[in-house]
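Please see the structure below; I have some questions.
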Amino acid sequence: MPRTGLRLKSPDQMVSESGTDLEGHGLQRTIGPFQLVCFGIGAIVGTGIFVGLSDTVAEAGPGVIVSFVLAALTCVFTAFSFAELGGAIPVSGSSYSYTYASLGERAAFLVGWCLLLEYGVSVSAVAIGWGQYLNELLGNTVGWRIPAALADAPGHGGVVNVPAVVVMLLAAVLLVRGVRESARATAAMAVIKVGILVLFCAIAFTAFKAGNLTPFAPEGIGGIGAGASLAFFSFIGFDAISTAGEEVRNPRRNIPLAILVTIGCVALLYCLVSVAALGAMPWEQVGGKPAALSLIVNHATGSTLGSTVIALGAVVAIASVVLAVMYGQTRILMSMSRDGLMPKVFARVSPKTSTPVANTWIVAVVFAVPAAVVPLDVVLDMTVIGTLAIMAVVNICVLALRRSHPSLQRRFRVPFHPVTPLLGVAFSLYLMYGLPLVTWVQFAVFVALGLVLYSCYGRRRSRLAHTGPQETTPEPAAAPATPAATGATGAR
């Protein structure tokens, strides 16, 4: 049974309350499995690989390949946990809701607070990277670039990053039009950017030289570990799939399936891109360079035509990440608002478009500010540490929910429980360890502010505190696990 002294919300209560706002206006289940996988790829593949690859290479050298593998392993272990929880509790709150059901309201609020880093701050980071490739594309096609004063943050030669603000506002416009339109746009953009990365690999492998991969680890094991912490940013976003829990058809099946397919495809693609990139060009010439993939294609082909295609793909890819991640942030704030932990405005759904319009515009405007004036490296580190902390908690949630709700219906079960969730926690903490001390200090201050906000606002206004947990009928006994249910999704 759930522990006493904690405000725990039962999974059944979450599901029964999902789908509508406080005024009865509802979300619509319009997203199918293919669109959901494209949504996952759309949320992941973007700034991390198109822009962040060069920073990761600067830390690890050719060993960046191992860095990507370590980051992928962390995501795979945690993806199993997200798959189990997403199928068992198919609501929009993602890790916030899972924590509410297993570790209590205070922990859930802090997870929701940290999700502002994973989704809100990361969308700022993604938007910042968009401008780099937009400038590359403009320079190659029309011979004109956006002036540095309007394309970079203060301290990096600029005054305000206008492209970053523009792409966030465009994403907001599309999101408020309706989830069906957003899903279609994300699917189209996901197909385009995967095709562009496959094209990059094909071009880069034509210039492959094995000698470029030696010495393999010039910065040693420490460099590979630091590179893995940065490479992890390239995988952030797969959990955004679970934020669509109230708008997906057959969510108990499709959410776990989409999470596992997405992370597998992206991990394979990233490893191919890193091998192709470092084989085509010495790592010293790649590390720290903006628009690195375009630089490598120019080197391999001796012309700017290939880099123009790569830049176009990056502009599309990064725009789709802004769209998907902003979507995830609005749905999490909506869940927190329905629980009374955030202002009611975040829970209102437009009866005309079936989208949280005010919520979307607030998110777009608020997070356009750091996108406009904060350097990319500062935003990246804060996003990574917040996401890793959340992933550690999600793995703990699997362990706690198995204990408190053993008969909860689970279409997917984490294989090799409890070893796999514990490895997910260990890998998350290892990558957090590789981040700079200043990032830890900033994160500690951020969490402390979250605790103050919960004590002053959330704890007093919580709906659960005033109504108490709903009485629910006993959960039906779970069917025996089958190979399909333990290692992959499928009907029981």
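What follows draws every value from the coordinates through simple rules; no lab data is involved. Quantities reported herein were computed from a predicted structural model and do not represent experimental measurements. Note that we place each Cβ from the backbone using ideal geometry, even for glycine, and neighbour counts take in every protein chain shown.
Quick check: the angle from helix 179-205's long axis to the longest principal axis of the chain, C-alpha only, nearest 10 degrees?
40 degrees
Rounded if a/c is under 1.5, else prolate if a/b is larger than b/c, else oblate: which is segment 159-297, with a ≥ b ≥ c the root eigenvalues of its Cα gyration tensor?
prolate
Report the charge-dipole magnitude of segment 300-388 in Debye, nearest 20, computed about the Cα centre from +1 at each Lys and Arg Cβ and -1 at each Asp and Glu Cβ.
Magnitude of the dipole: close to 500 debye.
Placing +1 at every Lys and Arg Cβ and -1 at every Asp and Glu Cβ, with all other atoms neutral, what dipole size does the chain have around its Cα centre, in debye to the nearest 20?
Computed charge dipole of the chain: roughly 1260 debye.
Quick one: check the C-alpha center-to-center distance for segment 160-213 versus segment 37-96, whole angstrom.
16 Å
Enter the Cα centre distance for the pair segment 332-381 and segment 411-434, rounded to the nearest angstrom.
Taking the Cα centre of each part, segment 332-381 and segment 411-434 sit 29 Å apart.
Continuing with the same structure: Within segment 171-244, which trypsin sites (Lys or Arg not before Pro) sit in a loop by DSSP and count at most 14 neighbouring Cβ atoms inside 10 Å?
Listed in order of number, the matching sites are Lys209.
Using the Kirkwood radius over Cα pairs, work out the Stokes-Einstein diffusion coefficient for the chain at 20 °C and 1.002 mPa s, in µm²/s as a whole number.
It comes out at roughly 95 µm²/s.
Could I ask something else about it? Roughly what angle does helix 305-338 make with the longest principal axis of the chain, taking Cα atoms, 0 to 90 degrees, to the nearest 10?
20 degrees
Given the rule -39500 (n - 2.57) for each run of at least 4 DSSP H residues, summed and divided by the residues of the chain, what is its mean residue ellipticity at 222 nm, to the nearest 500 deg cm²/dmol?
-21000 deg cm²/dmol
Give the relative contact order (percent, whole number) for segment 30-487; include only Cα pairs under 8 Å separated by 6+ residues.
Answer for segment 30-487 is 33 percent.
Could you put Met336, Met14 in order, starting from the residue whose Cβ has the fewest other Cβ atoms within 10 Å?
Met14, Met336
Nearest 10 degrees, 0 to 90: what angle lies between the long axis of helix 292-301 and the longest principal axis of the chain (Cα atoms)?
40 degrees
Moving on to the next point. Please rank Tyr454, Tyr98, fewest neighbouring Cβ atoms within 10 Å first, as an exposure proxy.
Result, fewest neighbours first: Tyr454, Tyr98.
Now for a separate question. Which residue, chosen from Ile49, Thr186, Phe427, occupies the Cα position most advanced towards the positive end of the dipole of segment 30-487, where the dipole is computed from +1 (Lys, Arg) and -1 (Asp, Glu) charges on Cβ about the Cα centre?
Thr186
On to the next question. Taking 0.36 nm per residue of separation and subtracting the Cα-Cα distance, what length does fully extending Thr214 through Ser303 add?
Extending this stretch completely gives an extra 29.4 nm.
Give the order of Thr30, Thr74 when sorted by the count of other beta carbons within 10 angstrom, beginning with the fewest.
Thr30, Thr74
Can you give the longest stretch of the chain with no exposed loop site, where a site means GluC sites (Glu not before Pro) in a DSSP loop (not H, G, I, E or B) with at most 16 other C-beta atoms within 10 Å?
That gives 220-470 as the longest site-free run.
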